[in-house]
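Reading through the structure tokens given below for one structure.
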Amino acid sequence: MWNELGISGGTAILILIALYYVIKWAVKNGIKEAYRAITGEKTNEDLQNEKELEELGSGPEDQ
């Protein structure tokens, strides 16, 4: 099937791996967004990221 599209096996595997990580990232962000919308709370990862930004001197007010 891939040969009909002009794609070799190695290229097909790389495309599938990249697609896996893009979908994984999108699902993770969707779950985090739904959690924030339902509970109104920030996730631990969001709190940790904000803390790291404050330590670097670029807090949320700079954005």
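Cβ-Cβ under 7 Å, sequence separation 6+ or interchain: first residue in the stretch 17-32 and free of Cβ contacts under 8 Å to residues at least 24 places away in the same chain, partner surrounded by 10 or more Cβ atoms within 10 Å (Cβ to Cβ) and not in a helix (DSSP H, G or I). Which pairs? Taking only residues 6 or more apart or on different chains, the pairs are Lys32/Thr43.
Residue by residue, here is whether (1) of a type in the set (Asp, Glu); (2) surrounded by 10 or more Cβ atoms within 10 Å (Cβ to Cβ); (3) part of a helix (DSSP H, G or I); (4) at pLDDT 90 or above holds:
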{"site": "Glu4", "(1), (2), (3), (4)": "yes, no, yes, no"}
{"site": "Ile7", "(1), (2), (3), (4)": "no, yes, no, no"}
{"site": "Ile15", "(1), (2), (3), (4)": "no, yes, yes, yes"}
{"site": "Ile38", "(1), (2), (3), (4)": "no, no, yes, no"}
{"site": "Lys42", "(1), (2), (3), (4)": "no, yes, no, no"}
{"site": "Asn49", "(1), (2), (3), (4)": "no, yes, yes, no"}
{"site": "Ser58", "(1), (2), (3), (4)": "no, yes, no, no"}
{"site": "Glu61", "(1), (2), (3), (4)": "yes, no, yes, no"}
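The values are calculated or read from the model by the stated rules, or taken from the named source; none is laboratory data. Note that the coordinates shown come from a computational prediction; the quantities given were computed from them, not determined experimentally. Here Cβ is always computed from backbone atoms with ideal geometry, including for glycine, and neighbour counts include all displayed protein chains.
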